[in-house]
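Trainee: Below you'll find the structure I mean.
Quick note: the coordinates plus some simple rules give every number you see, no bench work behind them. It should be emphasised that the depicted structure is a prediction, and the values quoted were computed from it without experimental measurement. When we count neighbours, we look across all protein chains shown, and the Cβ atoms used for this are built from the backbone with ideal geometry, even at glycine.
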Amino acid sequence: MRILHVVTAFPRSRDDVIAPWLVELLKRLRSAGHDIEVFTSSYRGGGGTSYEGIPVHRFRYFPARWEDLTHDEATPDRMRRSLLYRLLPFFYILGGIVGIWRLVRRRPYEVIHVHWPVPHMLFGWVGRLASRGRARLVSTWYGVELRWVQSSLPWLRGFVRWALRKSDAVTAISSYTAREIDRFARVPVRVIPYTLGFAPPIGPRPSRPAGTLRILFVGRLVERKGVVHLVEAVRLLPADLNARLSIIGDGPERESLVSQVARHGLQDRVTLAGRVSESALRAAYAESDVVVLPSILDARGDTEGLGVVLLEAMSYGVPVIGSNIGGITDIITDGETGVLVPPGDPSSLATALTRLARDPALAARLGAAGEARVRSAFGWPEIMAQWDECYGALAGRRIDTASAAAADASRSREGVR
């Protein structure tokens, strides 16, 4: 099948880390025989026309100097910076509509797969119009767009309902997101999670030195990740655990975290490493004793849609701790594949860390169970089978529609006779 994926941003080069799990999905779909292309926004006039053999169609929406609404940071964060960035979404939408109309008029697609449907469902719908109704629409919802609409953009509720009902197939990355979809419209929803952007490690794990509790956080430094509560939990840990927290990632909360660390004198216990290479990230997972995702519900009503960093850590056999919120509960079963704690509760988080540090057998059991969970429920063969079934069902609907049209035409001819 020829499938066009509509996304906000897409890697511009090999070292541009944007949604690695999505890139891996598209590469695997190509290997399975599908003809995969990407429709996305330009970045300062360019961004590349292909990535690892995947054709990339980038639409222009503003003079190159200011064409940076996407890619480098989350669009809502960028929009808070100036009036110009608050006006850019209008031009972004207009440019995308024009771009996809021109693209689909000259290149037929069987499926247009829309990611982050607010506002991209407009592009998908226009693409279907340009295909004269032949293309089927798939929408994948990550949850953040639904929470933004509920908390601060209620005037878009009608748009979300329209987008859901225009979709030939609706998918969600977690059961939590599926339940949020149900608050807007009662439509069939397939829960298809994303998974690792790289192959899980094979072979024995490196031994971890005793006498130090190595804690790892990976992710954007934004409010909903709850890193401030993890830093506070480290401050509460018993001194004899000799805890060391490494924070990998960057974002708008970085400066406040640096201040928090300095204020409590934690410079020798907490390291903000910023962005790191893939090899350095792999090494960090392998060397850690526990990985923590302390997500919360932020001021905009947003929280964790799934939590791919937990899957990455679990693939290394590392025990994980996560907040009992959002899509994290699709990954962690408390006491079986990890530990769940109340969101925004440093004391409970410190207790969970202490428990794992003092009970190596428990940590090992959770790590092994977590690794098995990733390979059985979130492995690429399982994910690909679900997408094959989804796309295959659309192909069946298209055949059924064509048969019905042929039957109608035949009946019309009979009537003429």
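Trainee: Ranked by Cβ crowding within 10 angstrom, fewest neighbours first, how are 52, 304 ordered?
Mentor: 52, 304
Trainee: Take 151, 279, 139, 315 and order them by how many other Cβ atoms sit within 10 Å, fewest up front.
Mentor: In increasing order of surrounding Cβ atoms, one gets 279, 151, 315, 139.
Trainee: Going toward the positive end of the dipole of the chain, with +1 on Lys and Arg Cβ and -1 on Asp and Glu Cβ, which of 196, 230, 383 do you reach last?
Mentor: The residue sitting most towards the positive pole is 383.
Trainee: In region 12-111, which trypsin sites (Lys or Arg not before Pro) fall in coil by DSSP and have 12 or fewer other Cβ atoms within 10 Å?
Mentor: The qualifying sites are 14, 80, 81.
Trainee: Taking the Cα centre of region 213-376 as the origin, how large is its charge dipole in debye, to the nearest 20, when only Lys and Arg (+1) and Asp and Glu (-1) carry charge on their Cβ atoms?
Mentor: Charge dipole, region 213-376, about its Cα centre: 220 debye, nearest 20.
Trainee: Using modelled backbone amide H atoms (1.01 Å from N, in-plane), which distant-in-sequence or interchain residues come within less than 5 Å of residue 338's amide H?
Mentor: Sorted by chain and number, the residues that satisfy this are 333.
Trainee: Could you tell me what percent of the DSSP beta bridges with both partners in the chain are antiparallel, to the nearest 5?
Mentor: Of all bridge pairs located within the chain, approximately 5 percent are antiparallel.
Trainee: Over the Cα atoms, compute the radius of gyration (one decimal) and Dmax (the largest Cα-Cα distance, rounded to a whole number) for region 213-376, in Å.
Mentor: 14.3, 44
Trainee: Given the options 322, 332, 357, identify the residue whose Cα lies farthest towards the positive end of the charge dipole of region 301-364 (+1 on Cβ of Lys, Arg; -1 on Cβ of Asp, Glu).
Mentor: Among 322, 332, 357, the one farthest towards the positive end of the dipole of region 301-364 is 357.
Trainee: From zero outward in steps of 10 Å, how is the percent of C-alpha pairs of the chain spread across the bins?
Mentor: Bin by bin from 0 Å, the calculated values are 4, 20, 30, 25, 14, 5, 2, 1, 0, 0.
Trainee: Taking only C-alpha pairs under 8 Å that are 6+ residues apart, what is the relative contact order of the chain in percent?
Mentor: Reported as a whole number, the value is 12 percent.
Trainee: Calculate for the chain the 222 nm mean residue ellipticity that helices alone would give, adding -39,500 (n - 2.57) per DSSP H run of length 4 or more and normalising by residue count, nearest 500 deg cm²/dmol.
Mentor: Helices in the chain give a 222 nm mean residue ellipticity of -14500 deg cm²/dmol.
Trainee: Dipole magnitude of the chain about its Cα centre, charges +1 at Lys/Arg Cβ and -1 at Asp/Glu Cβ only, in debye to the nearest 20?
Mentor: Once rounded to the nearest 20, the dipole reads 1640 debye.
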